Amino acid sequence: METNLGSKQLIKKHEFLRVIIQCLYSLGYGKSAVCLESESGIAYKSVEFETLESHIRYANWDACIDTLNTLNDLSSDTRASALFLVLKQWFVENLNRGEDSLTLEILQKRISGLEVGREKVHNLAFGLLALKELGLDKGDDPDVVDKFRKDLLMELEKALPPPITLPDRRLEYLVEMALWSQIDKCVFHNSVDGISLYEDHHCDGSQFPIKTIQILTNHINEVWYVQFSNNGSYLASSSSDKTAIIWKVWIRGRILFEKGRMIRSNGQHSL
C-alpha cells in the first residue's frame, strides 16, 4: 500500500522523494542524491527513461524507437514529437558518417510519415545538402556525438510527460507556487522583504496604509483604474469621464498633476 504524507495525506511519498532527488541533482548535490536513491529505493529517472537513455548512448536506434512505441498513455502528438527527435539524431549521425543511402531511407520511410509538420521534415531534407545547418559538421568526433546525444536526452525529458520524466526543477516550482499562494491570500500584503520558508506568510493589518494623505481631484467622474509605474515615479489613472491622467510622484510621496499629460478619449472608447 502506498504511503501518503502530510496532515491531509495528499502527498504521495514516492513522488515527494523523487522530486527531492531531482532537486538535489539540479543543485549540484549528486552524492547526496545518489545516497537518497540508494536508501529509499526510489530512482530519479524512471525505468522507461533509463532504458531510452541506454539505447541512445549506444546508438541502438531501432530499440529506442520500439521503446517509445510501447510507452503507454502518450498522446499521438507527444509520441510523434519524441520519435522525431530520435530519428533526427539517427539521421544526422548517418549523414555525418557519409551513409547517404541509409540517411535517405530514414527520411523517406520513417520521418516523412510522422505528423510533425512539413517544415521540420524539409529542414532535414535540406541537411542532405548542408550538414552545417544541423549543427554536426565535425566528422565522427566522439565528443561532439556524445554532446548531441546528451542534448537529445534533455529534449526527450522535456517532451515526455510524467511519470516517465519530471518537469524541470519541479520542487522549486512547487515551493514557489506555495509562497505565491500565501501572498495572494494575504489580505494586508504590504511587505517588501523576502518571504521566508520557515513560517507562513502573514502581514499585520497595522502595516497596511489606512490614513488618507492626499486626494486627487482632477477627474470629474468615477475613477475606474489606477496603476503606479515600475519605478514608482508615476501614477496613471483612468476615469469614466473618458480621460487618463499621468501623475508625477514627488518627494515624500506627494502627487501632483503633470501638465500636458492628460489623455482624452475620442468618445468611442472609455479608458
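The values are calculated or read from the model by the stated rules, or taken from the named source; none is laboratory data. These numbers come from a predicted model, not from an experiment. In this analysis, Cβ positions are derived from the backbone assuming ideal geometry, glycine residues included, and neighbour counts consider all displayed protein chains. Surface accessibility is based on the protein's heavy atoms, side chains included, excluding ligands, DNA and RNA. Shrake-Rupley method; radii C 1.70, N 1.55, O 1.52, S 1.80 Å.
In summary, Val19 fulfils each of the numbered conditions (1) in a helix (DSSP H, G or I); (2) touching a His at 6+ places or on another chain (Cβ under 6 Å) with the single exception of condition (2).
Only one residue in Asn230, Asn221 is open to solvent by 80 Å² or more (accessible area, probe 1.4 Å) and either charged (D, E, K, R) or at pLDDT 85 or above (or both), so which one is that? Outline the logic, then answer.
Values: Asn230 fails: either charged (D, E, K, R) or at pLDDT 85 or above (or both).
Criteria check complete, one pass: Asn221.
Residues of region 211-235 that are over 35 Å from the mean Cα position of the chain (by Cα) and either in a loop (DSSP other than H, G, I, E, B) or under 11 Å from Val249 (Cβ atoms) (or both): Lys211, Thr212, Ile213, Gln214, Ile215, Leu216, Thr217, Asn218, His219, Ile220, Asn221, Glu222.
A residue that is open to solvent by less than 50 Å² (accessible area, probe 1.4 Å) and touching a helix residue (DSSP H, G or I) at 6+ places or on another chain (Cβ under 9 Å) can be found somewhere in region 9-17.
Screening Asp140 on (1) of a type outside the set (Gly, Ala, Ser); (2) open to solvent by less than 80 Å² (accessible area, probe 1.4 Å); (3) modelled with pLDDT under 95 shows it passes everything except condition (2). If the condition is being without any contact (Cβ under 8 Å) to a residue 24 or more places away in the chain and either among the charged types (D, E, K, R) or in contact with a Cys (Cβ under 8 Å, 6 or more places away or on another chain) (or both), then region 192-249 contributes Asp193, Glu199, Asp200, His201, His202, Cys203, Asp204, Lys211, Glu222, Asp241, Lys248. For the structure I just gave you, tell me whether Lys45 is in a loop (DSSP other than H, G, I, E, B) and within 14 Å of Leu166 (Cβ to Cβ). Taking the combined requirement at face value, the residue satisfies it.
Being within 17 Å of Ser26 (Cβ to Cβ) and at pLDDT 95 or above: is that true of Leu174 here? It would help to see each step written out before you state the result.
Details: within 17 Å of Ser26 (Cβ to Cβ): yes; at pLDDT 95 or above: yes.
Yes: the conditions hold for Leu174.
Of the candidates Glu2, Glu37, the single residue that is open to solvent by less than 60 Å² (accessible area, probe 1.4 Å), of a type in the set (Asp, Glu) and either modelled with pLDDT under 95 or over 29 Å from Val144 (Cβ atoms) (or both) is Glu37.
So which residues in region 149-191 are touching a helix residue (DSSP H, G or I) at 6+ places or on another chain (Cβ under 7 Å) and open to solvent by less than 50 Å² (accessible area, probe 1.4 Å), if there are any at all? Passing the criteria: Arg149, Leu152, Leu153, Leu156, Ala159, Leu160, Pro161, Ile164, Thr165, Leu166, Leu171.
Quick check: is even one residue across region 255-263 of a type in the set (D, E, K, R) and at pLDDT 85 or above? Spell out the reasoning first.
The initial filter retains those residues of region 255-263 that are of a type in the set (D, E, K, R), namely 258-259, 261.
Now drop any that are not at pLDDT 85 or above, which leaves none.
So far as region 255-263 goes, no, none of its residues is of a type in the set (D, E, K, R) and at pLDDT 85 or above.
Tally up the residues in region 97-120 that are touching a helix residue (DSSP H, G or I) at 6+ places or on another chain (Cβ under 7 Å) and touching a residue at least 12 places away in the same chain (Cβ under 8 Å), please. The qualifying residues number 9.
Which one of these is farther than 18 Å from Phe148 by Cα, surrounded by 15 or more Cβ atoms within 10 Å (Cβ to Cβ), in contact with a Leu (Cβ under 9 Å, 6 or more places away or on another chain) and β-branched (Val, Ile, Thr): Ile56, Ile65, Ile106?
Numbers: Ile56 fails: farther than 18 Å from Phe148 by Cα; Ile65 fails: farther than 18 Å from Phe148 by Cα.
Testing whether each residue is farther than 18 Å from Phe148 by Cα, surrounded by 15 or more Cβ atoms within 10 Å (Cβ to Cβ), in contact with a Leu (Cβ under 9 Å, 6 or more places away or on another chain) and β-branched (Val, Ile, Thr) leaves just Ile106.
Scanning region 192-210 for residues that are exposed (fewer than 10 other Cβ atoms within 10 Å of the Cβ) and either in contact with a His (Cβ under 9 Å, 6 or more places away or on another chain) or not in a loop (DSSP other than H, G, I, E, B) (or both) returns a single hit, Ser206.
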